[in-house]
Amino acid sequence: MSLEKVDILGVKVNSLTMTEAVETIEGFIENRGNALIATANAEMIMRATYDDELKTILNSADLVVPDGAGTVWAAGYLGYPMPERVAGYDLAQELMKAAPERGQKIYFFGSAPGVAESAKAKAEEWYPGINIVGTRNGFFKPEDEAEIIADIKNADPDILLVALGVPKQEKWLYAHKQELNVPVSIGVGGSFDVMAGVMQRAPLWMQKAKLEWLFRGLKQPSRIGRLMALPKFVIEVMKSK
Ligand code: UDP
């Protein structure tokens, strides 16, 4: 499958459907490399405009899916319409749904203490037969890193889901990718929080109305400042055309 990429403010984002994203990732798992997958929403792309390290990581990632209405809008506005949004949360669920049949092992790293364990319990309830081979919370000191890496390597997952927030999860994965040698690693932001019920996803009508960003902003008032990235993103995309 040839994957087309669209340059949005210097970040090259793959133009593809959820089905194609899942197929591509299954291919990475079969190839046994160490692929890094990022889910690019407007906020992440905006950050990459002033965080060169993040931009380099995203542009060297094996797959960058268009997470969020802003990313899909930008591609269309720039003249490269994308088939659909591929939200990180949904992508992780699709991979987990397919994992039992494929005999794949998954590791959950990140979020506050207890959250990854609750997310694991939910995954076991939702996807019977799923094999979550390890969990580790995302609040650690530099001196804990060696032990975390050893635990992941020892568990030998096919898929590593990392929820440390942007850009920490992307930088951590990039720095340790060779050593971890996991076929597929994905930064999944607040996904374990949503699975565990600590945080709610926007109702479907709001997702369809492309208002998920507004829902997140209202639910977590501390994020209101972060919402400003959206109008800035729209202005920058318009200027870049
Ligand atoms: N998180 C973590 N370690 C940290 C900072 C954050 O494990 O040092 C977790 C946090 O508990 C949350 C997740 O990272 O579960 C994602 O945070 P956020 O919702 O801010 O994600 P973003 O929108 O940046 O992807």
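Remarks
- For segment 101-165, the alpha carbon convex hull comes to 76 Å³ per residue, rounded to a whole number.
- Working note: Karplus 6.51/-1.76/1.60 with θ = phi - 60° gives segment 198-210 the couplings 6, 9, 9, 7, 4, x, 4, 5, 6, 4, 5, 7, 6 Hz, where Gly and Pro are set to x.
- When the alpha carbon gyration tensor of the chain is reduced to an equivalent ellipsoid, the three semi-axes, largest first, read 27, 20, 18 Å.
- Within a Gaussian network of the chain (alpha carbon springs, distance under 10 Å), most fluctuating of Met228, Met18, Met44: Met228
- Segment 1-130: translational diffusion in µm²/s, Stokes-Einstein, Kirkwood Rh over Cα pairs, 20 °C, 1.002 mPa s: 136 µm²/s
- Taking the C-alpha atoms only, the angle from helix 115-126 to the longest principal axis of the chain is near 90 degrees.
- Interchain or long-range residues, amide H under 5 Å from Asn41's placed H: Asp67
- Angle between the chain longest axis and helix 168-180 axis [Cα atoms, degrees, rounded to 10]: 40 degrees
- Contact order relative to length of the chain, as percent, for alpha carbon pairs under 8 angstrom and 6 or more apart: 23 percent
- Between segment 1-53 and segment 173-206, the Cα center-to-center distance that results, in Å: 14 Å
- Per residue of the chain, the DSSP helices (runs of n ≥ 4 H) give a summed -39500 (n - 2.57) that works out to -15000 deg cm²/dmol at 222 nm.
- Scalar couplings 3J(HN,Hα) for segment 22-27, obtained by applying the Karplus form with A = 6.51, B = -1.76, C = 1.60 to θ = phi - 60°, are 5, 4, 4, 5, 4, x Hz; x denotes Gly and Pro.
- The listed peptides 92-103, 70-81, ordered by packing as a protection proxy, come out as 70-81, 92-103 (highest mean of other Cβ atoms within 10 Å first).
- Basic side chains Lys and Arg get +1 at the Cβ, acidic Asp and Glu get -1 at the Cβ, and with that the dipole of the chain about its Cα centre reaches some 900 debye.
- ³J(HN,Hα), Karplus 6.51/-1.76/1.60, whole Hz, each residue of segment 94-107, x for Gly, Pro: 4, 5, 5, 4, 7, 4, x, 4, 8, x, 8, 9, 10, 10
- Take each peptide in 199-209, 54-64, count the other Cβ atoms within 10 Å of every residue, and average; sorted highest first, the result is 54-64, 199-209.
- Distant-in-sequence amide contacts of Ala35, defined by a placed amide H-H separation under 5 Å and a gap of 5 or more residues or a different chain, comprise Val184, Ser185.
- When the charge dipole of segment 20-86 is built from unit charges on Cβ atoms (+1 for Lys and Arg, -1 for Asp and Glu) and taken about the Cα centre, the candidate among Ala74, Ala35, Thr24 whose Cα reaches farthest toward its positive end is Ala74.
- Here the dipole of segment 71-147 is about 160 debye; that uses its Cα centre as origin and unit charges on the Cβ of Lys and Arg (positive) and Asp and Glu (negative).
- Rounded to the nearest 5, the antiparallel percentage of DSSP beta bridges internal to the chain is 20%.
- Other-chain or far-sequence residues with amide H under 5 Å of Leu164's (modelled H): Gln169, Val188, Gly189
- Cα pair distances exceeding 14 angstrom across segment 61-115, given as percent: 67 percent
- For segment 1-144, a crude dipole built from +1 on the beta carbon of Lys and Arg and -1 on the beta carbon of Asp and Glu, taken about the Cα centre, is about 160 debye to the nearest 20.
- Helix 229-240 and the longest principal axis of the C-alpha atoms of the chain enclose an angle of approximately 60°.
- For segment 142-241: relative contact order, % (alpha-carbon pairs under 8 angstrom, 6 or more apart): 20 percent
Values quoted throughout were computed directly from the atomic coordinates according to the rules given, and no laboratory measurement underlies them. Here the structure is a predicted model, which is why all the values come from computation and not from measurement. With ideal geometry, Cβ positions are generated from the backbone for all residues, glycine too; neighbour counts draw on all protein chains shown.
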